[in-house]
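Q: There's a structure below that I have some questions on.
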Amino acid sequence: MFEDEEFSVSCLPLKHRVPAFGYRVTEKDRAGHFDVDRAKALKIPSGPIYGQLKRGDRVTLPDGRQINGADLCGPTEIGRKVVYCTDTVYCDNAVELAKDADVLIHEATFAHQDAELAYQRLHSTTTMAAQVALGAQVKKLIMTHFSPRYAPGNPIELKNLLEEARSIFPNTDLASDFWTYDVPRRSANIPVKV
């Protein structure tokens with residue numbers, strides 16, 4: 001759907017009574033931290049050459065030395081992947097979108113015991129959201145879009161929904177109004193030559 005130098009956004013249709021889509025926002029990988037002190041110690045002249053080296057390019061210096069920019073950069077910063085699945089019952093497109101995501105935000109309108117209602121209304125249960133997260137091997141599941149039938153004081157409450165999902169996918173949280181989550185950065189396991 002969209003792509004620039006930093007991000008790409010893709011989407012797939014989900015399974016709901018009206019058209020609904022899931023979205024995947026992928027941050028592009030970035031070169032690791034450039035070691036300016038090491039470049040200076042190697043007597044590499046500053047300027048446009050530093051930009052080339054920061055990108056990991058191989059550069060031939062005026063004195064004939066060849067320097068591999070990757071040798072002066074830390075591990076690649078792997079782009080983060082965030083997926084948002086709106087109204088849907090469990091479907092393969094949700095799993096495909098969420099594959100290897102850092103965070104999956106997924107609706108979980110119903111408790112597992114209300115699965116029949118979920119299928120009738122084409123909404124997810126907590127266990128469906130957790131199964132998407134597990135099948136896609138995401139790092140974190142954040143559930144949202146809960147039915148008011150699970151408000152405090154009712155036989156099943158939000159804390160029970162969280163327990164259900166965590167029994168399948170332990171790294172699960174519940175979203176709430178104004179709640180935020182910072183998606184951590186990852187580095188590739190690429191050795192840095194010194």
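Q: Sequence-distant or interchain residues sharing an amide H contact under 5 Å with residue 186, placed H: which?
A: Hits under the 5 Å cutoff: 78.
Q: Another question, if that's okay. By how many degrees, between 0 and 90 and to the nearest 10, does the Cα long axis of helix 126-136 differ from the longest principal axis of the chain?
A: 30
Q: Per-residue HN-Hα couplings for the stretch 102-119, Karplus 6.51 cos²θ - 1.76 cosθ + 1.60 at θ = phi - 60°, whole Hz, x for Gly and Pro?
A: 6, 9, 10, 9, 9, 5, 9, 5, 10, 6, 4, 5, 9, 4, 4, 5, 4, 5
Q: Each residue of the stretch 16-29 in order: what ³J(HN,Hα) in whole Hz does its phi give by Karplus 6.51 cos²θ - 1.76 cosθ + 1.60, θ = phi - 60°, with x for Gly and Pro?
A: 8, 5, 10, x, 9, 10, x, 10, 10, 10, 10, 7, 6, 4
Q: Report ³J(HN,Hα) in whole Hz for each residue of the stretch 161-166, in order, from the Karplus equation J = 6.51 cos²θ - 1.76 cosθ + 1.60 where θ = phi - 60°; Gly and Pro get x.
A: Running phi through 6.51 cos²θ - 1.76 cosθ + 1.60 with θ = phi - 60° gives 4, 5, 4, 4, 5, 5 Hz.
Q: In the stretch 52-82, whose amide N lies under 19 Å from the spot 7 Å out along Cα-to-Cβ of residue 182? List them in ranges.
A: Residues 77-82 qualify, since their backbone N sits under 19 Å from the label point.
Q: When the helices in the chain are scored as -39500 (n - 2.57) per DSSP H run of 4 or longer and the sum is shared across all residues, what 222 nm value do you end up with, to the nearest 500 deg cm²/dmol?
A: Mean residue ellipticity at 222 nm (helix-derived): -7000 deg cm²/dmol.
Q: If you place +1 on the Cβ of every Lys and Arg, -1 on the Cβ of every Asp and Glu, and leave all else neutral, what size is the dipole of the chain about its Cα centre, to the nearest 20 Debye?
A: 620
Q: Which of (i) 23.2, 94; (ii) 22.6, 77; (iii) 15.4, 44 is the computed Rg and Dmax of the Cα atoms in Å for the structure on display?
A: Recomputing Rg and Dmax of the Cα atoms in Å here picks out (ii).
Q: Also: Long-range amide H contacts for residue 142: which residues qualify at under 5 Å (H placed 1.01 Å from N, peptide plane, sequence gap of 5 or more or a different chain)?
A: For residue 142, whose amide H was placed from the backbone, the distant partners under 5 Å are 104, 105, 106, 173.
Q: Could you work out how much longer the chain between residue 43 and residue 166 gets when fully extended? Use 0.36 nm per residue separation minus the Cα distance between them, nm to one decimal.
A: The span from residue 43 to residue 166 would gain 38.8 nm if fully extended.
Q: Pop the C-beta distance of residue 33 and residue 1 into the FRET formula with R0 = 25 Å and round what comes out to the nearest 0.05.
A: Approximately 0.20, to the nearest 0.05.
Q: Sorted by average packing, counted as other Cβ atoms within 10 angstrom per residue and highest first, what order do 122-130, 60-68, 171-179 take?
A: Top to bottom by mean Cβ count within 10 Å: 122-130, 171-179, 60-68.
Q: So which of 99/159; 28/140; 54/140; 81/159; 15/159 end up more than 22 Å apart by C-alpha?
A: Violating the 22 Å limit, Cα to Cα: 99/159; 54/140; 81/159; 15/159.
Q: OK, next. Could you tell me the calculated FRET efficiency between residue 96 and residue 57, based on Cβ-Cβ distance and R0 = 30 angstrom, to the nearest 0.05?
A: In this case the efficiency is close to 0.30.
Rule-based calculations on the coordinates, nothing more; no lab input. The structure displayed is predicted, hence computed values, not measured ones. We place every Cβ from the backbone using ideal geometry, glycine too, and count neighbours over all the protein chains shown.
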